[in-house]
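Asker: Sharing a structure here in structure tokens format.
The values are calculated or read from the model by the stated rules, or taken from the named source; none is laboratory data. This one's a predicted model, so the numbers in the text were calculated from it and none came from an experiment. Neighbour counts are summed over all protein chains in view; Cβ atoms, including those assigned to glycine, are modelled from backbone coordinates with ideal geometry.
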Amino acid sequence: MPSDKRQSRLLASLALIAVICAVLLPCKSDAADDNSLWSVYEQALKGAKYVDLTHTITPNIPVRAGFADSTFAPAKAGADIEGFAKSGEVYTYAKHGFEATEYILRTAQLGTQLDPPAHWAPEYPAIDELPATYAMRPLVVISIVERLKTNSNCALQVSDIEAWQKEHSRIPECSRCLRALRWSKAWPDRKLATLKEFPGVGLDALKFLHEQRKILFHGHEPLTRTRRRTSKANLADA
């Protein structure tokens, strides 16, 4: 049996280990009581339902007329690597132990993407200049699906926004506002890029959202920068 001295050292070591574990691995109740990101995960994110709103980028997805198609291909060695690969050789699982994909994207306007202000004017911030906090904001989704049943070219109006606020609450500042159109139900049919009529957003509605409700940015389903015929009905409350 160990001596009293050895027992004391053993107990002291076990106590030290217990203290270290307590510091490094806080129990669930402790994590739930503080304001750390750990508690945010435990209380909100861990049990949340996640909905993917993105479209997978492929060589055949719809893209605005004027942009060339992207190409995807197996990745190849860009130079000779002695004893491993020759320049231009396709990487394979069998020979190299891995595979990769080479992407040639003809535009950034593909699939689901965040359009930075610099897209429209050089003095505004580019995508890498926008803070990561833009990704974590309250999300507001306003549907005009019912009106689309009788008018495929209708636009979101101030009246739609006010109706949403009456049912829910005032749109919070710095939120993200999306229009529900069900336009993407036909995705990835390439005919979507050739449509002449499709849902949009009225100018008065945009001004209301950005100037009065001070939203951070708004989103839409139709292809970015797709040309459309704009009528007076699209720019006035209907």
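Asker: Could you tell me which residue of the stretch 38-62 is surrounded by the fewest Cβ atoms within 10 Å (Cβ to Cβ), considering only residues that are part of a loop (DSSP other than H, G, I, E, B) and of a type in the set (Ser, Thr, Tyr)?
Answerer: Residue satisfying both the conditions and the ranking: TYR50.
To keep it simple, each residue is scored yes or no on (1) over 24 Å from ILE57 (Cα atoms); (2) in contact with a strand residue (DSSP E or B) (Cβ under 9 Å, 6 or more places away or on another chain); (3) at pLDDT 90 or above.
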{"residue": "GLU89", "(1), (2), (3)": "yes, yes, yes"}
{"residue": "ALA94", "(1), (2), (3)": "yes, no, yes"}
{"residue": "THR107", "(1), (2), (3)": "no, no, no"}
{"residue": "GLN113", "(1), (2), (3)": "no, no, no"}
{"residue": "ALA121", "(1), (2), (3)": "yes, no, yes"}
{"residue": "ILE127", "(1), (2), (3)": "no, no, no"}
{"residue": "ALA135", "(1), (2), (3)": "no, no, no"}
{"residue": "LEU156", "(1), (2), (3)": "yes, yes, yes"}
{"residue": "ASP160", "(1), (2), (3)": "yes, yes, yes"}
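Asker: Moving on. Would you mind stating whether ALA94 is in a loop (DSSP other than H, G, I, E, B), exposed (fewer than 13 other Cβ atoms within 10 Å of the Cβ) and aliphatic (A, V, I, L, M)?
Answerer: In short, no.
Asker: Let me ask something additional. Quick test of your reading of the structure: LEU178 fulfils all but one of (1) touching a Gly at 6+ places or on another chain (Cβ under 6 Å); (2) over 22 Å from LEU53 (Cβ atoms); (3) at pLDDT below 90. Name the failing condition by number.
Answerer: For LEU178, the exception is condition (2).
Asker: Which condition breaks for ILE142 when tested against (1) within 24 Å of ALA186 (Cα to Cα); (2) among the β-branched types (Val, Ile, Thr); (3) assigned by TED's automatic domain parsing to the domain that holds ARG190; (4) part of a loop (DSSP other than H, G, I, E, B)?
Answerer: It fails just one condition, (4).
Asker: Read through the list (1) at pLDDT 95 or above; (2) farther than 24 Å from ALA132 by Cα, then give the number of the only condition that ILE171 fails.
Answerer: The single condition ILE171 does not satisfy is (2).
Asker: Which residue is farthest from THR107 (Cα to Cα), if the candidates are limited to the stretch 169-227 and must be in a loop (DSSP other than H, G, I, E, B) and among the basic types (Lys, Arg)? Full working, then the answer.
Answerer: Taking the stretch 169-227 and keeping what is in a loop (DSSP other than H, G, I, E, B), we get 169-175, 181-182, 187-189, 195-199, 202, 213-216, 220-227.
Filter once more, so that each one left must be among the basic types (Lys, Arg): 170, 182, 196, 213-214, 225, 227.
Values: ARG170: 37, ARG182: 24, LYS196: 22, ARG213: 32, LYS214: 30, ARG225: 12, ARG227: 17 Å.
Among them, the one singled out is ARG170.
Asker: Find all pairs meeting these conditions: Cβ atoms under 9 angstrom apart; at least six residues apart or on different chains; first residue within the stretch 131-158 and touching a residue at least 40 places away in the same chain (Cβ under 8 Å); second residue part of a helix (DSSP H, G or I) and aromatic (Phe, Trp, Tyr).
Answerer: Every condition considered, the pairs that remain are VAL140/TRP164; LEU148/TRP183; VAL158/PHE208.
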